[in-house]
1. Report the number of Lys pairs in the range 49-187 whose alpha-carbons are under 21 Å apart, with separation of 8 or more residues or on distinct chains.
2. Rounded to a whole number of µm²/s, how large is the Stokes-Einstein D of the chain at 37 °C and 0.692 mPa s, given Rh as the Kirkwood radius over C-alpha pairs?
3. May I ask you to give the average projected area over all directions of the convex hull of the Cα atoms of the range 128-241, in nm² rounded to one decimal?
4. Keeping all protein chains in place, calculate the accessible area per residue for the range 1-137 (probe 1.4 angstrom), answer in Å².
5. Mind listing which trypsin sites (Lys or Arg not before Pro) in the range 147-238 are in a DSSP loop and have 10 or fewer other Cβ atoms within 10 Å?
6. How many percent of the accessible area of the chain is carbon or sulfur, using a 1.4 Å probe?
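The values are calculated or read from the model by the stated rules, or taken from the named source; none is laboratory data. From a predicted model like this one, the values you see are computed outputs, not experimental measurements. Positions of Cβ are generated from backbone atoms using ideal geometry, with glycine treated the same way; all protein chains shown enter the neighbour counts. For accessibility, only protein heavy atoms count, side chains too; no ligands or nucleic acids. Shrake-Rupley method; radii C 1.70, N 1.55, O 1.52, S 1.80 Å.
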Amino acid sequence: MMNVTLANGIKMPMLGLGVWKATDGAEVEEAVSYALNHGYRHIDTATLYKNEVGVGAGVRNSTVPRADVFVTTKVWNEDQGYDNTLRAFDRSQRNLDIEYIDLYLVHWPVKDKYKDSWRALERLYTEGRVKAIGVSNFLQHHLDDLLPSVEIKPMVNQLEHHPYLVQPSLQQYCKAQGIQFEAWSPLMQGGIFDIPLLDQLARKYKKSVAQLVLRWNVQNGIVTIPKSVSPERIIENSQIFDFEISAADMQAIDQLDKGQRVGPDPDVFC
Ligand code: NAD
């Protein structure tokens with residue numbers, strides 16, 4: 001599994017399993033164990049998904065040692081603020097029950113709260129309770145507002161990213177700041193399957209449309225976390241390290257960008 005190295009030296013696998021909408025209990029537990037037993041080393045959950053207990057069981061029941069797995073969870077909006085975030089972290093840790101959390105994210109830039117939430121993450125990081133800390137759904141103006149007051153910069157920014165929402169200037173900004181860009185809804189929640197150019201390119205590379213788009217992510221240096229609970233698709237989505245997309249085709253995919261979201265706009269939602 002290919003890794004990126006975060007600003008603090010921690011290695012993060014470029015492909016992870018997303019588990020939003022995977023039901024707690026057997027469904028998420030089996031998907032997580034299956035993915036880990038078949039090459040994945042990274043799982044992305046959140047307090048909001050209400051499946052941290054099943055994710056933790058899936059990690060513990062897999063054949064992969066804990067030290068080789070990278071687990072992300074996130075503080076939910078209503079838990080933001082300094083004290084609340086510290087408490088939310090404790091709850092997530094109890095729910096997951098996997099010794100430690102690799103990456104803890106501020107899920108959304110909740111107005112008037114995210115700076116306090118960030119101070120809590122800095123404390124958790126400084127105390128060695130989490131290996132890396134970051135944000136999610138932070139646009140450039142949120143980062144411009146946050147960064148001057150931080151002691152530790154976010155190591156990751158997890159954002160909606162797919163061929164219809166490329167956000168090139170935000171990508172460049174994150175890169176310049178040493179913040180790893182991570183893609184959520186990389187498959188546009190299924191929307192990429194209706195785009196003719198992607199069909200055409202997938203046929204050219206003898207890959208599926210999902211594999212093409214996930215390969216486009218990792219070739220651009222973007223960490224990606226497609227969601228599936230189906231064993232066939234979990235395997236399919238991991239077979240992206242045995243081919244290379246040409247520079248011209250990478251650019252052609254970039255140019256599909258329409259600035260079109262399938263999820264909430266951070267400026268409206270928060
Ligand atoms: P996604 O783009 O990963 O698409 C998931 C959908 O595609 C599911 O319906 C799945 O069944 C289908 N699918 C998966 N593999 C397929 C394949 N090979 N062929 C055909 N269909 C396939 O959407 P997502 O779940 O919204 O995003 C992925 C992950 O990102 C989430 O599970 C979650 O972990 C994370 N996420 C984070 C945020 C955030 O605010 N930070 C928001 C949304 C999602």
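1. Number of lysine pairs found: 13.
2. 176
3. Details: hull surface 34.2 nm².
Convex hull of Cα atoms, orientation-averaged projection: 8.6 nm².
4. Numbers: 5580 Å² over 137 residues.
Roughly 41 Å² per residue, with all protein chains present.
5. Details: sites: K175, R203, K204, K206, K207, R215, K227, R233; in loops: K206, K207.
The qualifying sites are K206.
6. Values: 5480 of 11510 Å².
Of all accessible area on the chain, carbon and sulfur atoms account for 48 percent.
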